1. Residue by residue through region 141-151, what is 3J(HN,Hα) from phi via Karplus (6.51 cos²θ - 1.76 cosθ + 1.60, θ = phi - 60°)? Round to whole Hz and write x for glycine and proline.
2. Carbon and sulfur atoms: what percent of the 1.4 Å accessible area of the chain do they account for?
3. Could you calculate the FRET efficiency of residue 106 with residue 301 from 1/(1 + (r/R0)^6), where r is the beta carbon distance between them and R0 is 25 Å, rounded to 0.05?
4. Excluding residue 262 itself, what net charge comes from residues whose Cβ is under 14 Å from its Cβ, given Lys and Arg +1 and Asp and Glu -1?
5. For region 143-300, report the accessible area per residue in Å² (1.4 Å probe, heavy atoms, rounded to an integer).
6. Could you provide, to the nearest whole Å², the per residue accessible area of region 2-141 with probe 1.4 Å?
7. From the Cα gyration tensor of region 143-300, with a ≥ b ≥ c the square roots of its eigenvalues, which class applies: rounded if a/c is under 1.5, or else prolate if a/b is larger than b/c, or else oblate?
8. Evaluate the chain: find the radius of gyration of its Cα atoms, find its Kirkwood radius, and give the ratio Rg to Rh.
Amino acid sequence: MTITIIGSGRVGASVALNCALRELDDILLLDIVKGLPQGEALDINNQLSERGIDCKVSGSNNYEDMKGSDFVVVVAGVGRKPGMTRMDLLKTNADIIKDVSGKVKSYAADAISVMVTNPLDPLTYLLLKVTGAAKNRVMGMGGMLDLSRFKYFIHNATKVSNDSIQAMVISEHGENMLPLIRYSTLSGIPLNKFVTEQQVSEIFENTKGVAAQVIALKGATTHAPGNAVATMIESVIKNKRSIIPVSTLLEGEYGAENVCIGVPAIIGSQGVEKIIELPLDNFEQAMFSKGVDSVKEALSTLTL
Ligand code: NAI
């Protein structure tokens, strides 16, 4: 089995390292920049040898090398600069993703694919449409990362172990992301038993804004996204059937059609095995619908 990672920049390299440290599979890093994937592979292999991990990481500039891959992670494209939203990347990255999706179709049509490039939800849809893959075999990583950020702020506010925190973030991976306070618990006990209204609104806003803060401080987010992708792939490879928020095609669920957006789903050997529909209150439904509208508006500007 092989996990191919298309795009070997900051996030691509982190995905490779996180997958290798979990011993998920052999890994191929691809990029158009000569030397970059080879250099990342060498560096990671040097770490793995000391850790006693035998996954093989290789680097290439030749798409043909991904032939027959079982997993493809798409993380090619530009990242946002301080002050930009994810949607500002749409035009540039859609052109790259159209090209990359054609390569996925040619060389690894049967793979399970994970989109990472932003804006995440429209580009997950683009990958799905260009490859023509079954909808369960294409998913976008956004909510899993938003979830780890949400947990971080819950932990900071409550000082309860990260181990005891279960949380959920749905909707657009962008301006309309929706941390679900009502569906978040500390070992099954509702979050609002531990925090004040004021803390709830701080946790909510911090979760939405922290990526921009990291980008302003260090130029890009890398470690948390790499871990989030590895968690999704691990659930598939080990058929764990974890419930993970992923961007996936909705066909009526949550009142939305023909759009990819973040919802909780069971992730197992078949990819997105079942979308979990949660009852939303008026505020949550309104936020979710705003997310759907935003993604649909972006899609309306793309030629598919
Ligand atoms: P980066 O600039 O460090 O790396 C991107 C890489 O893509 C570069 O090495 C570039 O040469 C490569 N590339 C461009 N066109 C390519 C092609 N046609 N084929 C193969 N490789 C190609 O950027 P970084 O920081 O790694 O971010 C990548 C993307 O991931 C951005 O769009 C960023 O916004 C997104 N991202 C998404 C997250 C999420 O939660 N979904 C989290 C973090 C970043």
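1. For region 141-151, the Karplus curve yields 9, x, x, 4, 6, 4, 5, 5, 5, 4, 4 Hz.
2. Details: 6610 of 13110 Å².
Carbon with sulfur: 50 percent of the solvent-accessible area.
3. On the way: r = 26 Å, r/R0 = 1.04.
The computed FRET efficiency comes out at 0.45.
4. Working: positive: 86, 149, 208, 290; negative: 121, 146, 172, 175, 253, 277, 284.
Summing Lys and Arg as +1 and Asp and Glu as -1 gives -3.
5. Details: 6940 Å² over 158 residues.
Using a 1.4 Å probe on heavy atoms only, each residue of region 143-300 averages 44 Å².
6. On the way: 5700 Å² over 140 residues.
Here the per-residue accessible area is 41 Å².
7. On the way: a/c = 1.29, a/b = 1.19, b/c = 1.08.
Rounded, because the longest to shortest axis ratio a/c is under 1.5.
8. Values: Rg = 18.4 Å, Rh = 19.3 Å.
Answer for the chain: 0.95.
The values are calculated or read from the model by the stated rules, or taken from the named source; none is laboratory data. Just so it is clear, the model here is predicted, and its values are computed rather than measured. Heads up, the Cβs are rebuilt from the backbone with ideal geometry, glycines too, and the neighbour counts pull from every protein chain shown. Side chains are part of the model used for accessible areas, which takes the heavy atoms of the whole protein and leaves out ligands, DNA and RNA. Shrake-Rupley method; radii C 1.70, N 1.55, O 1.52, S 1.80 Å.
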